[in-house]
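**Q** Could you have a look at this structure, given as structure tokens, before my questions?
Any read-out appearing in this document is the output of simple, stated calculations on the displayed coordinates, not a laboratory observation. Predicted model only: the values in this text are computed from it and were never measured. Please note: Cβ atoms are built from the backbone with ideal geometry, for glycine as well, and neighbour counts cover all protein chains shown.
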Amino acid sequence: MDLLYRSDHEIRIDHYLCLMKATYILITFLSLSNVIYSQSNDIERIATYGGRDISLPEYDGMKEAYMIPQVKAHADTYEDPRNEVIAYYLNDEDYKQAENIDGLKYQDYFKIYANKEIASQDIDKEYFDSLKDIMAQQFSGSGWDEVKQSVQERIKEIEIGKPNLIKKYDLNENTQTYLCVIKISSEEEYIDLIMVLSIVLIKDKMLFVAYYDNYTDDDSIISSENKSNMIVNKLIKVNS
């Protein structure tokens with residue numbers, strides 16, 4: 001019907017429908033904006049590995065520092081040349097001194113890295129499970145969670161430089177975690193270091209997440225395990 005011959009009632013209905021449609025579009029846009037804003041707030045930056053974008057989350061009390069030139073140089077120097085560092089997180093206090101990292105005795109940190117040789121390969125579940133079996137063979141120890149003695153009573157048995165496995169577990173079917181203690185020598189003293197190493201399947205790529213902190217007592221092991229689990233779970237969440 002020509003607009004000139006439409007009734008006032010019909011025109012009012014059309015105006016109402018147009019208003020409702022505009023309101024719906026606006027609400028949808030705002031909802032999507034909130035989702036995108038919320039997601040971006042959870043992500044510190046985007047890294048790339050093997051042609052995949054890897055979202056690096058924000059963590060309370062920690063900051064991603066790999067883009068700081070001194071941190072990148074330090075991390076790359078001490079990394080196995082077969083690996084590629086993707087991210088390097090320091091706690092808030094150490095981050096303030098990140099430019100002096102070479103002279104910093106820092107702890108409570110973690111890195112995300114991956115193997116260069118398999119960067120171009122898509123890792124399926126079967127291959128991932130076989131790689132988990134290979135990884136498990138790299139650690140000594142029978143699992144101290146089954147031993148009644150405390151770690152403190154057994155710490156002297158650790159071979160210098162070799163990770164001694166305390167516990168192996170899965171957070172889900174696409175992860176495997178190794179909770180270890182390592183004895184290292186530094187400036188003529190021995191340091192007992194907790195390492196929680198997780199292998200994680202994300203976007204058909206295998207990533208490693210290694211969290212480190214100084215061993216002080218048995219409670220420090222529980223604390224490190226819990227923190228590592230939080231780190232890995234959030235990394236998986238933002239990349240899902």
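**Q** At a 10 Å Cβ-Cβ cut-off, how would you order 183, 105, fewest neighbours first?
**A** On the way: 183 19, 105 9.
Lowest count first: 105, 183.
**Q** By how many nm would the segment from residue 118 to residue 72 grow when fully extended, if each residue of separation counts as 0.36 nm and the alpha-carbon distance is taken off?
**A** 14.4 nm
**Q** Another question about this same structure. Fully extended, how many nm does the chain gain between residue 42 and residue 189 (0.36 nm per residue separation, minus their Cα-Cα distance)?
**A** Between residue 42 and residue 189, full extension yields 49.0 nm more.
**Q** Determine the gain in length on full extension of the stretch residue 237-residue 216; use 0.36 nm per residue of separation and subtract their C-alpha separation, reporting nm with one decimal.
**A** 4.5 nm is the gain from fully extending residue 237 to residue 216.
**Q** Treat each spin label as a single point 7 Å out from the Cα along the C-beta direction, and report the residue 167 to residue 230 distance in nm.
**A** Modelled inter-label distance: 1.6 nm.
**Q** Just list whichever of 72/96; 111/237; 125/237; 96/116; 116/234; 125/205 have alpha carbons separated by over 21 Å in the model shown.
**A** Flagged as over cut-off: 96/116; 116/234.
**Q** Calculated FRET efficiency, residue 100 and residue 223, Cβ-Cβ r, R0 22 Å, to nearest 0.05?
**A** Efficiency for this residue pair is about 0.25.
**Q** Follow-up question, since we're still on this one. Label segment 80-119 by shape, choosing from rounded, prolate and oblate, from the square roots a ≥ b ≥ c of the eigenvalues of the Cα gyration tensor; if a/c is under 1.5 it is rounded, and otherwise prolate applies when a/b is larger than b/c, oblate when it is not.
**A** Prolate is the answer for segment 80-119, as a/c is 1.5 or above and a/b outweighs b/c.
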